1. Among the listed residues P44, P7, which satisfies the condition of being more than 30 Å from S121 (Cβ to Cβ) and either of a type outside the set (V, I, T) or assigned by TED's automatic domain parsing to the domain that holds S131 (or both)?
2. Go through (1) aliphatic (A, V, I, L, M); (2) in a helix (DSSP H, G or I); (3) modelled with pLDDT of 90 or more one by one and return the number of the condition L69 breaks.
3. Report whether or not I56 is in the same structural domain as I22 (by TED's automatic domain parsing), surrounded by 14 or more Cβ atoms within 10 Å (Cβ to Cβ) and either over 19 Å from R21 (Cβ atoms) or in contact with a strand residue (DSSP E or B) (Cβ under 8 Å, 6 or more places away or on another chain) (or both).
4. Mind checking which pairs have a first residue in region 87-101 that is in a loop (DSSP other than H, G, I, E, B) and a second that is of a type in the set (S, T, Y) and loosely packed, with under 12 Cβ neighbours inside 10 Å, Cβ under 7 Å, 6 or more apart or different chains?
5. Looking only at region 63-109, which residues are crowded, with 17+ Cβ neighbours inside 10 Å and closer than 30 Å to F31 by Cβ?
6. Can you list residue pairs whose Cβ atoms sit under 9 Å apart, with the first residue in region 114-127 being under 14 Å from G149 (Cα atoms) and the second being of a type in the set (D, E) and surrounded by fewer than 18 Cβ atoms within 10 Å (Cβ to Cβ)? Count only pairs 6 or more apart in sequence or on different chains.
7. Can you pull out every residue in region 110-133 that is exposed (fewer than 15 other Cβ atoms within 10 Å of the Cβ) and in contact with a helix residue (DSSP H, G or I) (Cβ under 8 Å, 6 or more places away or on another chain)?
Amino acid sequence: MGRSAEPLFHEEQAFRQARVRIALAIVPTVFLALLIWQVVLGHPWGRHPMSNGGLIGWSIFLWLVYLRLITVKLVTDLSPDRLSISMRGLWRVRRVPVNNIETVEVVTFDARDYGGYGIRSTRAGKAYIASGNRGVRIKLRKGGRLLVGSQRPDALAKSLAGLTAGRVTA
């Protein structure tokens, strides 16, 4: 197997919304409190309490799911032949051949217009947003549109423009 070439552009963005992390932590925290109440302190919870083993198992499972969700990253890679966008750790990779890209535009957006952060599908096209309000809007030759959130949208647009015969707009 040969070694793959370095990408022309690479970016990893973590989801940094504190309110999402707090909301995701509520259920595992409740199970941890129930575990302490029932297993450690010896007070059964409710009329038909869950077994201690079940409570321990569910607590561990929910904390593992929580840790998995908070480590998901939006990864954007550009190679000479394709743009790859993925939610590393959660979603499969979306690959867009460079020859399928018609235009590239650096934009400022409001994530609420796309339904928030994450992978979103709207009438305006598909959006991949992890944080911030800047990105690159890509018009595809077959009529689709993509919005790729980026902390370095100018560098991504410039790299894409170099591969798509300069079809970039500011």
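1. Exactly one of P44, P7 is more than 30 Å from S121 (Cβ to Cβ) and either of a type outside the set (V, I, T) or assigned by TED's automatic domain parsing to the domain that holds S131 (or both), namely P44.
2. (3)
3. Spelling it out, I56 is indeed in the same structural domain as I22 (by TED's automatic domain parsing), surrounded by 14 or more Cβ atoms within 10 Å (Cβ to Cβ) and either over 19 Å from R21 (Cβ atoms) or in contact with a strand residue (DSSP E or B) (Cβ under 8 Å, 6 or more places away or on another chain) (or both).
4. So the pair list comes out empty.
5. Of everything in region 63-109, those that are crowded, with 17+ Cβ neighbours inside 10 Å and closer than 30 Å to F31 by Cβ turn out to be Y66, V72, L74, M87.
6. If the second residue must be of a type in the set (D, E) and surrounded by fewer than 18 Cβ atoms within 10 Å (Cβ to Cβ), the pairs left are A127/D113.
7. Passing the criteria: T122, A124, N133.
The values are calculated or read from the model by the stated rules, or taken from the named source; none is laboratory data. What you see is a predicted model; the values in this text were computed from it and never measured. Cβ coordinates were reconstructed from backbone atoms using ideal geometry, including for glycine residues, and neighbour counts include every protein chain displayed.
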